[in-house]
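A.B. asks: Below are the structure tokens for one structure; questions will follow.
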Amino acid sequence: MGRWQGLYGLISDALVSARVVTADGRLIEVSESSYPELFWGIRGAGANLGVVTSATYKLHKTRSEAAGGDGGKVVNMDFIFPAESAPAYFRALETYRNAVPPRLAGIGLVIYNQTANAVSPHPTSCLPLHLLAGAAH
């Protein structure tokens, strides 16, 4: 997931190739044309498929401001909610299901306290809204 997912999809969608160390110690290059099933797997279909030592991703150009784009400018806002607000938080997110513009990415994070074996009672839910410059107009 990332700030540009509304425009370009998930980060895993931009993966072009990866160097992977397999369980038998071989270093291989995987892509759509080389080890395609393993490539599919490391893009999110499974876990424990090998150790990725490097990855190559497709890049996307941002439009210049002169061309009506944002020139790569990003505004990042973090909203932090206490754990007891989680039900209301998720209900509020649900209301935006089909209304979020592609230039707006909301990413939720809940912090788990392993020592207490519970969601921390302190502010635990963070919603970074990544707004590209000009998207809020």
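Computed from the coordinates by the stated procedures, all read-outs in this text should not be read as laboratory data. Small disclaimer: the values here were computed from a predicted structure and weren't measured. For neighbour counting, all protein chains shown are included, and Cβ atoms are generated from backbone atoms with ideal geometry for every residue, glycine included.
A.B. asks: Which part of region 1-37 falls in the paramagnetic zone of N48, meaning amide N under 17 Å from the point 7 Å along Cα-to-beta-carbon?
C.D. replies: 21-25
A.B. asks: Ratio of Rg to Rh for region 5-57, alpha carbon only, Kirkwood?
C.D. replies: With Rh from the inverse mean 1/r over Cα pairs, Rg/Rh is 0.98.
A.B. asks: Which length gain, in nm to one decimal place, applies between A86 and A55 when the Cα-Cα distance is subtracted from 0.36 nm times their residue separation?
C.D. replies: 7.6 nm
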